[in-house]
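Data block below; observations after.
Values in this text are rule-based calculations from the coordinates and carry no lab data. Note that the coordinates shown come from a computational prediction; the quantities given were computed from them, not determined experimentally. Glycine gets a Cβ as well: all are built from the backbone with ideal geometry, and neighbour counts include every protein chain shown.
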Amino acid sequence: MGIKISIVKNFSSAHFLIGHEKCGRIHGHNWKVKVEVEGELEEHGWVIDFTLLKNIADELLNKFDHKMLLPDSINYDDDRKNLNFTANSKKYSFPKEDCVIVPIGNVTCENMSYFLHKELWEILKKFKNIHGLEIKVNERDEQGAAFKNP
Ligand SMILES: [Zn+2]
C-alpha cells in the first residue's frame, strides 16, 4: 500500500521557445510545480516530512526564480559577463548572472517536468520507503505537463 503526498511550489522566470512564432518571443510565467511523492509510511506516520520535502524542492527551484531560462541546445558565445546567441533568427545578449542554462532542448513544461523529476528523484530515491515521484509543471493554471515514475 502506498500513500501519496504532495506539495506545490512556485517560481517566476522568463523564457522563449525555439521554433515557435508567438512563444518564440520572450515572456514570463509564474510556474507552478506540484511534487507528488508516493511511498510507505515510516515510523513517524508520514511518507516524508513536509518541511524536508519543501526544502529539497526549494533548493532546486530557487535556482530558476527570477531568471532567464535557456535551453542547452543553443550555441552560446560566452564573453565572461554575457551570453550572446542567436535563436529564432534573433540576436540576444543577456547578463550571465541573470540566466540559467537548463540541460533540455527547449524550455517547455514537458521538458521541465522531466528534468525536475530527474533531479528530485536522485535525492528522493535514497529514502527506502519512497517508491514513486510525479512532477507536474504548470506554466498557467490551465496548462501543464507531468512526468512520473514508476
Ligand atoms: Zn511560455
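If you check PHE50, PHE16, PHE11, which single one turns out to be under 17 Å from VAL102 (Cα atoms), more than 13 Å from the ligand (Cβ to nearest atom) and not charged (D, E, K, R)?
Values: PHE50 fails: under 17 Å from VAL102 (Cα atoms); PHE16 fails: more than 13 Å from the ligand (Cβ to nearest atom).
Every option except PHE11 fails the conditions.
Looking at this structure, is ILE104 under 22 Å from the mean Cα position of the chain (by Cα), under 20 Å from ASN138 (Cβ atoms) and among the β-branched types (Val, Ile, Thr)? Walk me through how you get there before you give the answer.
Values: under 22 Å from the mean Cα position of the chain (by Cα): yes; under 20 Å from ASN138 (Cβ atoms): yes; among the β-branched types (Val, Ile, Thr): yes.
In short, yes.
Of everything in segment 1-59, what is aromatic (Phe, Trp, Tyr) and either farther than 23 Å from GLU110 by Cβ or in contact (Cβ under 8 Å) with a residue 60 or more places away in the chain (or both)? Give them in sequence order. Explain how you work it out, then say what you get.
If we filter segment 1-59 for residues that are aromatic (Phe, Trp, Tyr), which is where we start, we get 11, 16, 31, 46, 50.
Those that are aromatic (Phe, Trp, Tyr) and either farther than 23 Å from GLU110 by Cβ or in contact (Cβ under 8 Å) with a residue 60 or more places away in the chain (or both): PHE16, TRP31, TRP46, PHE50.
Just wondering, is there one or more residues in segment 131-144 that are within 16 Å of the ligand (Cβ to nearest atom) and not in a strand (DSSP E or B)?
Yes - at least one qualifying residue is present in segment 131-144.
Just to verify a result, which residue in segment 60-104, among those that are assigned to a loop (DSSP other than H, G, I, E, B) and either among the acidic types (Asp, Glu) or touching a residue at least 40 places away in the same chain (Cβ under 8 Å) (or both), is nearest to GLU36 (Cα to Cα)?
So in segment 60-104, the residues assigned to a loop (DSSP other than H, G, I, E, B) come out as 65-66, 72-76, 79-81, 88-89, 103-104.
Next, from what is left, pick out any that are either among the acidic types (Asp, Glu) or touching a residue at least 40 places away in the same chain (Cβ under 8 Å) (or both): 65-66, 72-74, 79, 88.
Numbers: ASP65: 21, HIS66: 24, ASP72: 27, SER73: 29, ILE74: 32, ASP79: 40, ASN88: 35 Å.
It comes out as ASP65.
Applying the selection to segment 40-68, what residues are β-branched (Val, Ile, Thr) and surrounded by fewer than 16 Cβ atoms within 10 Å (Cβ to Cβ)?
To start, the set of residues in segment 40-68 that are β-branched (Val, Ile, Thr) comprises 47-48, 51, 56.
Across segment 40-68, the qualifying residue is only THR51.
Just to be sure, is LEU83 within 16 Å of the ligand (Cβ to nearest atom), buried (at least 16 other Cβ atoms within 10 Å of the Cβ) and within 14 Å of PHE16 (Cβ to Cβ)?
On the way: within 16 Å of the ligand (Cβ to nearest atom): no; buried (at least 16 other Cβ atoms within 10 Å of the Cβ): yes; within 14 Å of PHE16 (Cβ to Cβ): yes.
Here the answer is no, as LEU83 does not meet what is asked.
If we scan segment 55-62, do we find a residue that is over 14 Å from the mean Cα position of the chain (by Cα) and away from the ligand (no atom under 13 Å from the Cβ)? Show your work before the answer.
Kept after step one, since they are over 14 Å from the mean Cα position of the chain (by Cα), are these residues of segment 55-62: 55.
Among the residues that remain, those that are also away from the ligand (no atom under 13 Å from the Cβ) are: 55.
Yes.
Could you tell me which of the residues PRO71, PRO95, PRO103 is exposed (fewer than 12 other Cβ atoms within 10 Å of the Cβ) and either under 22 Å from ILE135 (Cβ atoms) or within 15 Å of the ligand (Cβ to nearest atom) (or both)? Give the steps one after another, and end with the answer.
On the way: PRO71 fails: exposed (fewer than 12 other Cβ atoms within 10 Å of the Cβ); PRO95 fails: either under 22 Å from ILE135 (Cβ atoms) or within 15 Å of the ligand (Cβ to nearest atom) (or both).
Going through PRO71, PRO95, PRO103 in turn, the sole match is PRO103.
If I filter segment 41-59 down to residues being assigned to a helix (DSSP H, G or I) and of a type in the set (A, V, I, L, M), which single residue comes out as farthest from SER89 (Cα to Cα)? Before the answer, list the steps.
Here is the first cut: in segment 41-59, the residues assigned to a helix (DSSP H, G or I) are 50-59.
Checking which are of a type in the set (A, V, I, L, M) leaves us with 52-53, 56-57.
Working: LEU52: 44, LEU53: 41, ILE56: 38, ALA57: 35 Å.
So, considering only residues that are assigned to a helix (DSSP H, G or I) and of a type in the set (A, V, I, L, M), the one farthest from SER89 (Cα to Cα) is LEU52.
For segment 19-40, name all the residues that are within 16 Å of the ligand (Cβ to nearest atom), β-branched (Val, Ile, Thr) and part of a strand (DSSP E or B). Even if it seems obvious, please write down each step before you answer.
Just the residues of segment 19-40 that are within 16 Å of the ligand (Cβ to nearest atom), to begin with: 19-33.
Still in the list and also β-branched (Val, Ile, Thr): 26, 33.
Listed by number, the list holds a single entry, VAL33.
In this structure, is ILE135 farther than 16 Å from PHE11 by Cβ and of a type in the set (Val, Ile, Thr)? Break it down into steps so the answer makes sense when it comes.
Values: farther than 16 Å from PHE11 by Cβ: no; of a type in the set (Val, Ile, Thr): yes.
Considered against the rule, which asks whether it is farther than 16 Å from PHE11 by Cβ and of a type in the set (Val, Ile, Thr), ILE135 comes out as no.
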